[in-house]
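**Q** Quick one: the structure is below, questions incoming.
The values are calculated or read from the model by the stated rules, or taken from the named source; none is laboratory data. Note that the structure is predicted; figures quoted are calculated from it, not measured. A quick note on method: Cβ atoms are made from the backbone with ideal geometry, for glycine too, and the neighbour counts reach across all protein chains shown. Areas reflect the complete protein model, heavy atoms only, side chains present, ligands, DNA and RNA absent. Shrake-Rupley method; radii C 1.70, N 1.55, O 1.52, S 1.80 Å.
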Amino acid sequence: MKGAAKYCERNKFFWDGTISSKLNLRDFIFEHAGYCLLDFTIIGGRFSLRPSIPVDEDKYNASGNLIHNGEYGIHNTNLPEIKCLFTDGNINDLQVSFLSPEERQTFQAVVLYRQEKANGFPETKSVLVREQSPNGSETDPVETFDMSGFCTSRQQALWFAYFAIKSRRLIDHGLTFKTAPQYVEGLSPGDYFRLVSEVTHTNRFRNGAKLDDGTIVSKEDIDSFETVYYWQPGTEGVISARLYQVPNGSLFTVKTTTTEKKVYKCETISYGEDGLLEVSGSYAPTESNGRLSVLQNWGFDVYDPSGFVITETK
């Protein structure tokens, strides 16, 4: 919590408002933590707040003494610290869940914030933010986030919009698996881990349909000798075959067996019924340089809105 306070102070993420009625504390913290780019987690039964993105945090030794005073600034050069490595050899019961297309719909964000005036009345301002083409366009649906009840910083409103827009487009799945306690030592909710797996999987971009006349419809070019899973309407079950062997009028997805090396953010760690630990995580896409993709077009100090179009609205 001390680190979260330093992080908010360093980046001027403040809550300037009033609470006029009773509310659920967990719901309140969860909702408003996101507006400050914080993750609300429970560690050891205690509420905890962690920065949602990598920052230079305080470091403590085994005795609990401070050995490094973190800077806590937001920069796109900050790399996620990988705390654990999981492979097919130390996990089981791996389950992956992909978000629906509706949940990943790109959008334009209208964020409302409050502009204060000394010895005067505050004024509600709004700003429209969207990604530049080809990732975003003026025809994307508009979603409104009303932060005027507590946010008095235009920069905070912009940073929240940047993070929300990029996260919606890039984070497409989450997973859960079971592992032994010794493999999660040092890992806690909010930390990053890497999963290396050779389990046969499918790529959501390499799929399509084979029309009644034999025409292949797919976002990517697919060789007719590639192995695919296909399903023909009116039949039961999914069959594996070469693409040229797939009957007309079928849906298919390419089968791959390449090694996946992806980074995930740990969401929860809990005990399972069999004595193993169950770990859940959300996909944290990274670039070739190791940086998080959600920060790739933010600019070095995040003040440069590269990759975004910002429009002041009335």
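**Q** Scan segment 30-43 and tell me whether some residue there is open to solvent by less than 40 Å² (accessible area, probe 1.4 Å) and at pLDDT below 90.
**A** yes
**Q** Got at least one residue in segment 116-137 being among the aliphatic types (A, V, I, L, M), under 30 Å from R242 (Cα atoms), open to solvent by 50 Å² or more (accessible area, probe 1.4 Å) and at pLDDT below 90?
**A** No, every residue in segment 116-137 fails to be among the aliphatic types (A, V, I, L, M), under 30 Å from R242 (Cα atoms), open to solvent by 50 Å² or more (accessible area, probe 1.4 Å) and at pLDDT below 90.
**Q** Residues being touching a helix residue (DSSP H, G or I) at 6+ places or on another chain (Cβ under 9 Å), β-branched (V, I, T) and free of Cβ contacts under 8 Å to residues at least 60 places away in the same chain: count how many of those fall in segment 3-62.
**A** Number satisfying all stated conditions: 2.
**Q** With the requirement that a residue be in contact with a strand residue (DSSP E or B) (Cβ under 9 Å, 6 or more places away or on another chain) and among the acidic types (D, E), what does segment 209-222 give you?
**A** Passing the criteria: only E220.
**Q** State whether one or more residues within segment 53-62 are charged (D, E, K, R) and at pLDDT 85 or above.
**A** The answer is no, given that none of the residues of segment 53-62 is charged (D, E, K, R) and at pLDDT 85 or above.
**Q** Now for a different question. Just give me the residues in segment 65-102 being in contact (Cβ under 8 Å) with a residue 40 or more places away in the chain, assigned to a strand (DSSP E or B), on the phi < 0 side of the Ramachandran plot and open to solvent by 50 Å² or more (accessible area, probe 1.4 Å), in sequence order.
**A** I82, K83, L85, N92, L94, Q95, V96, S97, F98 - these are the residues of segment 65-102 that are in contact (Cβ under 8 Å) with a residue 40 or more places away in the chain, assigned to a strand (DSSP E or B), on the phi < 0 side of the Ramachandran plot and open to solvent by 50 Å² or more (accessible area, probe 1.4 Å).
To keep it simple, each residue is scored yes or no on (1) open to solvent by 50 Å² or more (accessible area, probe 1.4 Å); (2) at pLDDT 80 or above; (3) more than 17 Å from F86 (Cβ to Cβ).
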| position | (1), (2), (3) |
| --- | --- |
| I222 | no, yes, yes |
| V228 | no, yes, yes |
| Y244 | yes, yes, yes |
| G275 | no, yes, yes |
| T286 | yes, yes, no |
